[in-house]
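*Asks:* Okay, here's the structure, questions in a sec.
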Protein chains: 8
Amino acid sequence: MKLTVYLSGEIHTDWRDQIKDLCNAKNLNISFLEPVTNHELSDDCGVIIMGSEEKKFWHDNKGAKLNSIRTRIAIEKSDIVVIRFGEKYKQWNAAFDAGFALASGKSIITMHGADHQHALKEIDATALAVAETTEQIVKILEYTIKGSLN
Amino acid sequence: MKLTVYLSGEIHTDWRDQIKDLCNAKNLNISFLEPVTNHELSDDCGVIIMGSEEKKFWHDNKGAKLNSIRTRIAIEKSDIVVIRFGEKYKQWNAAFDAGFALASGKSIITMHGADHQHALKEIDATALAVAETTEQIVKILEYTIKGSLN
Amino acid sequence: MKLTVYLSGEIHTDWRDQIKDLCNAKNLNISFLEPVTNHELSDDCGVIIMGSEEKKFWHDNKGAKLNSIRTRIAIEKSDIVVIRFGEKYKQWNAAFDAGFALASGKSIITMHGADHQHALKEIDATALAVAETTEQIVKILEYTIKGSLN
Amino acid sequence: MKLTVYLSGEIHTDWRDQIKDLCNAKNLNISFLEPVTNHELSDDCGVIIMGSEEKKFWHDNKGAKLNSIRTRIAIEKSDIVVIRFGEKYKQWNAAFDAGFALASGKSIITMHGADHQHALKEIDATALAVAETTEQIVKILEYTIKGSLN
Amino acid sequence: MKLTVYLSGEIHTDWRDQIKDLCNAKNLNISFLEPVTNHELSDDCGVIIMGSEEKKFWHDNKGAKLNSIRTRIAIEKSDIVVIRFGEKYKQWNAAFDAGFALASGKSIITMHGADHQHALKEIDATALAVAETTEQIVKILEYTIKGSLN
Amino acid sequence: MKLTVYLSGEIHTDWRDQIKDLCNAKNLNISFLEPVTNHELSDDCGVIIMGSEEKKFWHDNKGAKLNSIRTRIAIEKSDIVVIRFGEKYKQWNAAFDAGFALASGKSIITMHGADHQHALKEIDATALAVAETTEQIVKILEYTIKGSLN
Amino acid sequence: MKLTVYLSGEIHTDWRDQIKDLCNAKNLNISFLEPVTNHELSDDCGVIIMGSEEKKFWHDNKGAKLNSIRTRIAIEKSDIVVIRFGEKYKQWNAAFDAGFALASGKSIITMHGADHQHALKEIDATALAVAETTEQIVKILEYTIKGSLN
Amino acid sequence: MKLTVYLSGEIHTDWRDQIKDLCNAKNLNISFLEPVTNHELSDDCGVIIMGSEEKKFWHDNKGAKLNSIRTRIAIEKSDIVVIRFGEKYKQWNAAFDAGFALASGKSIITMHGADHQHALKEIDATALAVAETTEQIVKILEYTIKGSLN
């Protein structure tokens, strides 16, 4: 079985690279998809390409819509959506991705620290696995693909 | 046209009652649905009914799953989902509802203050209306049902 | 059989009232839905309710999104979508409604003059009936509901 | 991420070739699909293959249905539908494609001049990006695939 | 439980009335839907309402499309589709209804004589009940609604 | 909020009546649906109505298909599917209902004793609530409808 | 564009081979799928593999269900379903395939002689092309893939 | 035609290997998917990766959810689901897979001994083939892919 996995959420740590490197080292047959992880560019992409806006709302609106093309397509192409909630920012877009993924029939895995446990209880309740570390995520993916663990 | 509207999000202010009272005063043909708004009960409902848990994670998990029965059914029965982001708490479940509603083909209206504008840009970008006050929400509902404003 | 019929398209003639009056006179069990037919209000509704915009694009964007709440819900609630192409304006929104209705599994009936025949061939090709007059539309609805004509 | 992009709308300028050439030059992994762009052939294909018709309506009907096989399949195979509204003709089929694409869950990008802004407001309101030039379209596609711009 | 039942197929005997009368006598809570059963009118409805055609193909095409509005909506509103294959005519539209009903998730019941058994094996294989008489159909509906037989 | 609840599974105890009586006593607005609970009749309904079979396989096949009309329609009409696993029999049809309900987007509640816990772990893992008693089921339904408990 | 085309219907003439040979000669990128065309084997496959039946009904039922595995999967994998109605037999399974294909969102092309025109009017009314010869079918497929004709 | 086949059910005999070996020997173009067949690991995978639980219920819950990622994705990727009911254990998860597969539109084939015939009648009634041996399963797959038997 080949898997397509979307890595949603936090963009300020290297958790995606950790997962991809570990999966590569284990030769797991996984295509990883991810949002634009360049924070500044993802904020400004809309106005850079389609022209500036005076109001911050429309500046953001143009960028958010443009980013959603990539995000939406990626989630739809995925079998599994891994969602990382980090320490900083509101991260409402990560929670939004979780809701979108669930109603789209995707398998959801969350990754976050114990401090966010209560606030994430609704999302964790829809997840098929709740992890704290990238090592756990990789084991979950390995087990799902190979049906074994070493 | 009769509408069913789900009022998602913040449970610590009376914004739902304001909207319902104003819509009643205008005789708008709307059925309002809402989550359990008793904070303590919604946290503890699972263990109250189905037995206590030592771990906070499972205490929360039982409650969150039980609450999701009501929430999921209510969103599916709705034509419009209004999502209120307030001042307090992480409110990831509100963002989660937004994603679930979008992928379920519902019309989304958000309500929040200007201070949350940037953090909510992905969700606002999928909303068909972005409001700041309950009066605006009521006018949006009135206009949608009657096709006029007074 | 009870029908719900959405009347899409031209808003500057009284074709909707003609159809509704004739169907009422025949006691046909039909709920009619329709877009906002007040041209000025439908253009300005967004900024009236949610605040003005300097740019025409965003002025229009706010209004168009707000109108789409009503339009989208109405099409989804309908069994049949009647689309009237009149003499004036681009009427791209009417053609847009036709595409949306088709992909949503609705039965499409078009009404337009012979002069638009060639330009509307793609849409007529998806219609289950192509009419020129409101009398024909009413007979089509009568026949669909009652299975007879008088 | 590999994308499939349907290029809908205007067939009398070389905008499709511009986009394809620029994307090729950037080595973007995109499969482009498009309607039949030979105007005369797309009008007459039905009667050429399946026999002539005296009435213009059926002449057009046969051709439009035949063209819809290609168009419908192409939209369904696509991740993104780019819709170009040009200067000439009614272009109702382009607006129809937009509605069909939206209800089919595709990401919509529109391209048109400022003069069509008001008439296209309903369609632009559903678009995730609104462009004026082929260069902008290419940047949008590049950003969506690569998550970066150069 | 209330049921909506579509009675598809043969229009030259009174099997529909037999079923409806027997169900009424038993006070079963069923809404029956059916196609236009006036053979001549169903053949000519298109040209009567929308104008005559010289070619038989288009005469029939206009009528068949018009009839399909009623048929398609009725099947979609139904829980159960009963399909009667009689002695005469090709009855391809009845077999077509069966395929449409199956892919639409409806429960299919067929009614036909033993002489058609082999030719209908593909359709019978998708049916949840295969009957020969209207009495059997009524018992099947009674049992489905009430869960008992008298 | 009004709910429709399907009561699937064990037919040899009075758990359905207990739930219905308790819900009636609390005036909960619930429509209950259920399979045929007359064991002998549900085994023999097919041959009673449509003629006897020599082979047990076809005797059972006719009955099982006939019963599935009621079961399938009832699950589709439901918001919640409660599945009771009792002490006796294989009860594979109850587990089958659970899988069908899950893929149909229904909220699942299971009810069974602790002795079945391990064998039902896959089904419990998809349930939004796992109960042991009818009193718990009633409280879950009450809480879901009213958002409170007394 | 690559196409997958299912060739449904008549199995007693070589029309499938004609179409496949002509498409191969034109190097059209098409995967053809088809039902089992060995009449005797398709009648008896069920009992050959899974054991004999005394009753003709169950003999046929076992075979028809087994054949439907191939047929159903093939239609679902197809972009276009070509349905040939020949001179002999009832051919209800061909009409059934047409209904199933339509409700599954497939593009339908029919092929039959003028003598069947009236009896096939409901199915032709849902077809996007109605042909009489294999040469026409091949031209339709060529035009759909290449957008040109030679 | 290439097939993807999910082999669900019993994990304590070598029936999967028998089927795969026989299909390989016949060069059938089939991708086989299967659940984790290491009983102990599939019971404990959740706690091994994500941390131990004191209660057996949550121990099982974590494992069952984790296993469902693989199972759910595999069924969705499959054209056919073969479900083997063996001699031992409750096997409710096999019956659950059958229900999930049916509502997901998959073709179901069951394999079991005559002793389970009555208890499996509801599931057999939805199966397109009911087999007793792996040889029969292989012939069914061969016939489905090649349309012939040797």
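*Asks:* What does the structure give for C:83-94 when I average, per residue, the other chain Cβ atoms found within 10 Å of the residue Cβ?
*Replies:* Average per residue, whole number: 4.
*Asks:* So how long is each side of the stretch D:66-107 along the principal axes, counting just the alpha-carbon atoms, biggest first, in Å?
*Replies:* Sorted largest first, the three principal extents are 28, 24, 13 Å.
*Asks:* Dipole size in debye (nearest 20) for chain C around its Cα centre, Lys and Arg Cβ +1, Asp and Glu Cβ -1?
*Replies:* Approximately 480 debye in magnitude.
*Asks:* Chain C: longest stretch without exposed GluC sites (Glu not before Pro) (DSSP loop, at most 12 other Cβ within 10 Å), sites themselves excluded?
*Replies:* Result, exposed sites excluded: C:88-150.
*Asks:* For a bin width of 10 Å, list the pair-distance distribution of chain H built from all Cα-Cα distances, rounded to whole %.
*Replies:* 11, 40, 34, 13, 3, 0
*Asks:* Moving on. So what does C:Ser42 come to for accessible area, using a 1.4 Å probe and Å² rounded to 10?
*Replies:* Only protein atoms counted, so the area is about 20 Å².
*Asks:* Hey, another quick one. For chain E, which longest stretch is free of loop sites, where a loop site is one of the trypsin sites (Lys or Arg not before Pro) that DSSP puts outside H, G, I, E and B and that has at most 12 other Cβ atoms within 10 Å?
*Replies:* E:3-87
*Asks:* Additional query: Probe radius 1.4 Å, ligands and nucleic acids ignored: give me the carbon and sulfur share of the accessible area of chain H as a rounded percent.
*Replies:* 47
*Asks:* Relative to the longest principal Cα axis of chain G, at what angle does helix G:56-77 sit, 0 to 90 degrees, rounded to 10?
*Replies:* 30
*Asks:* I would also like to ask the following. Which value results for Rg/Rh of the stretch D:98-150 when Rg is the Cα radius of gyration and Rh the Kirkwood radius based on the inverse mean 1/r? Numbers along the way, then the final one.
*Replies:* Numbers: Rg = 12.0 Å, Rh = 11.9 Å.
Reported Rg/Rh, Kirkwood definition of Rh: 1.01.
*Asks:* What number, in nm² with one decimal, is the all-direction average of the projected area of the convex hull of the alpha-carbon atoms of the stretch F:37-78?
*Replies:* 3.0
*Asks:* Can you spot the lysines whose alpha carbon is less than 21 Å from H:Lys88's alpha carbon? Ignore those fewer than 8 places along the same chain.
*Replies:* F:Lys88, F:Lys90, F:Lys121, H:Lys121
*Asks:* Express in whole angstrom the spacing between the alpha-carbon centres of the stretch B:53-76 and the stretch H:92-150.
*Replies:* Each part reduced to its Cα centre gives a spacing of 36 Å.
*Asks:* Apply the Karplus curve 6.51 cos²θ - 1.76 cosθ + 1.60, θ = phi - 60°, to the phi angles in the stretch H:118-128 and return the couplings in whole Hz, x for Gly and Pro.
*Replies:* Ordered by residue, 3J(HN,Hα) equals 5, 5, 9, 4, 5, 6, 4, 5, 9, 6, 8 Hz.
*Asks:* Let me ask another. From the P(r) of the stretch E:13-68, could you give the percentage of C-alpha pairs in the tail past 17 Å?
*Replies:* The calculated P(r) of the stretch E:13-68 puts 50 percent of pairs beyond 17 Å.
*Asks:* Count, for each residue of E:18-30, the Cβ atoms from other chains sitting within 10 Å of its Cβ, then give me the mean as a whole number.
*Replies:* If you average over the peptide's residues, the count of other-chain Cβ atoms is 0.
*Asks:* In peptide C:142-149, what is the residue-averaged number of other protein chain Cβ atoms found within 10 Å of each Cβ?
*Replies:* 6
*Asks:* So, one more: Can you give the accessible area buried between chains H and G, summed over both chains, with a 1.4 Å probe, in Å² to the nearest 100?
*Replies:* Adding both sides of the contact gives about 1700 Å².
*Asks:* Separate question: Could you report the stretch C:16-150's accessible area per residue, 1.4 Å probe, as an integer in Å²?
*Replies:* Computed with neighbouring chains in place, this is 36 Å² per residue.
*Asks:* Right, something else. Sum -39500 (n - 2.57) across every DSSP H segment of at least 4 residues in the protein assembly as shown, then divide by the residue count to get the 222 nm mean residue ellipticity, nearest 500.
*Replies:* That comes out to -15500 deg cm²/dmol.
*Asks:* Cα convex hull of the stretch B:27-101: mean projected area in nm², to one decimal?
*Replies:* 6.2
*Asks:* Take the protein assembly as shown, compute every pairwise Cα distance, and split them into 20 Å bins from 0; I just need the percent in each bin.
*Replies:* Spelled out bin by bin, the protein assembly as shown gives 11, 40, 41, 8, 0 percent.
*Asks:* What FRET efficiency comes out for the pair A:Asn27/B:Glu40, r = Cβ-Cβ distance, R0 = 45 Å, nearest 0.05?
*Replies:* 0.35
*Asks:* Here is a follow-up. Rounded to the nearest 20 debye, what is the charge dipole size of the protein assembly as shown about its Cα centre when +1 sits on each Lys and Arg Cβ and -1 on each Asp and Glu Cβ?
*Replies:* Computed about the Cα centre, the dipole is about 0 debye.
*Asks:* In degrees from 0 to 90, rounded to the nearest 10, what is the angle of the helix E:39-50 Cα long axis to the longest principal axis of chain E?
*Replies:* Roughly 50 degrees between the two axes.
*Asks:* Let me ask something else about it. Where along chain A is the Cβ that lies nearest the axis linking it to chain C, and how many Å separate them?
*Replies:* A:Trp58, 3
*Asks:* Still on this structure: Round to the nearest 10 and give me the degree value, 0 to 90, for the angle of helix F:15-25's Cα axis relative to the longest principal axis of chain F.
*Replies:* Helix F:15-25 and the main axis of chain F meet at about 40 degrees.
*Asks:* Then there is this: Take C:Met1, H:Met111, A:Met50 and sort them by solvent-accessible surface of the protein heavy atoms, 1.4 Å probe, largest at the top.
*Replies:* Largest accessible area first, the list is C:Met1, A:Met50, H:Met111.
The values are calculated or read from the model by the stated rules, or taken from the named source; none is laboratory data. What you see is a predicted model; the values in this text were computed from it and never measured. Cβ sites come from the backbone with ideal geometry, for glycine too, and all protein chains shown count toward neighbours. Surface accessibility is based on the protein's heavy atoms, side chains included, excluding ligands, DNA and RNA. Shrake-Rupley method; radii C 1.70, N 1.55, O 1.52, S 1.80 Å.
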